[in-house]
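Structure record follows, encoded as structure tokens.
The values are calculated or read from the model by the stated rules, or taken from the named source; none is laboratory data. These numbers come from a predicted model, not from an experiment. Counting neighbours? That spans all protein chains shown, and the Cβs are built from the backbone with ideal geometry, glycine included. Surface areas here come from the heavy atoms of the whole protein model, side chains and all, with no ligands, DNA or RNA. Shrake-Rupley method; radii C 1.70, N 1.55, O 1.52, S 1.80 Å.
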Amino acid sequence: PYRRRCPACGWRYWGNPRPTATALVSRAGARGPELLLVRRAREPHKGLWDIPGGFIEWEEEAEAALRRELREEAHIEVGALALHGVWRDEYEEEGRVECALNIVFSAPLASPHGGVAGDDADSLAWFAADALPPLAEIAFDSGKGAVARWLEAQRATHAPSV
């Protein structure tokens, strides 16, 4: 169903996923590292928590797209980017199924402030590992997977030694 050909002219629709760049932005907190989440202001998944980021534009590299999206959504700058993982998502938007390929980075906060919601976010918050919203309140399978992997890494790094 994702590879269609026009019988009249032979043009082919491939149905490829749209690439996104998102980030697990962290900062030092009183109880350990904190993770930035934004609350979605629009569908799909309006009102759920999400990791900030968005679609990569035509002539952008993933890293540049991510830095632009972080300025637009949270008014923040981040330090060095490290690849956290890549996830695929399917979701419904305006009555059709969309597919995205999500490139997820991890990055430390470099801004002198904690950010302020903008663009597609109606609010933002910083969460310690032990205070994250339940995965059911996080938008998209990619967001759930990325946050779960971050949480596992935090538990492994900060586990008490025996």
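With respect to the chain, whose longest principal axis is taken over its alpha-carbon atoms, helix 62-74 is tilted by about 70°.
Rounded to the nearest 0.05, the FRET efficiency derived from the C-beta distance between Glu72 and Glu92 at R0 = 35 Å is 0.90. Between Gly143, Gly118, Gly53, the GNM of the chain built on Cα springs shorter than 10 angstrom shows Gly118 fluctuating the most.
Largest accessible area first, the residues His113, His84 order themselves as His113, His84 under a 1.4 Å probe with ligands, DNA and RNA left out. Normalised by the number of residues in segment 1-81, the mean separation of alpha-carbon contacts (under 8 Å, six or more apart) gives a relative contact order of 22 percent. Just checking the listed ones, Pro112, Pro52, Pro44: in the Gaussian network model of the chain with Cα springs under 10 Å, the one fluctuating most is Pro112. The largest-to-smallest principal axis extents of the Cα set in the chain are 67, 35, 28 Å. Rolling a 1.4 Å probe over the protein heavy atoms leaves Arg4 with an accessible area of roughly 140 Å².
Bridge orientation summary for the chain: considering DSSP beta bridges with both residues in this region, about 75 percent are antiparallel. Annotation for segment 29-82: GluC sites (Glu not before Pro) lying in DSSP loop with at most 13 further Cβ atoms inside 10 Å of their Cβ are Glu57, Glu59, Glu61. For Gly29, the residues whose modelled amide H falls within less than 5 Å of its own, excluding neighbours fewer than 5 places apart on the same chain, are Glu34.
Carbon-plus-sulfur accessible fraction, the chain (probe radius 1.4 Å, protein heavy atoms only): 53%. Net length available on complete extension from Cys9 to Arg155 is 47.0 nm, with 0.36 nm assigned per residue and the Cα-Cα distance removed. Ordered by solvent-accessible area of protein heavy atoms (1.4 Å probe), largest first, the residues Lys144, Lys46 come out as Lys46, Lys144.
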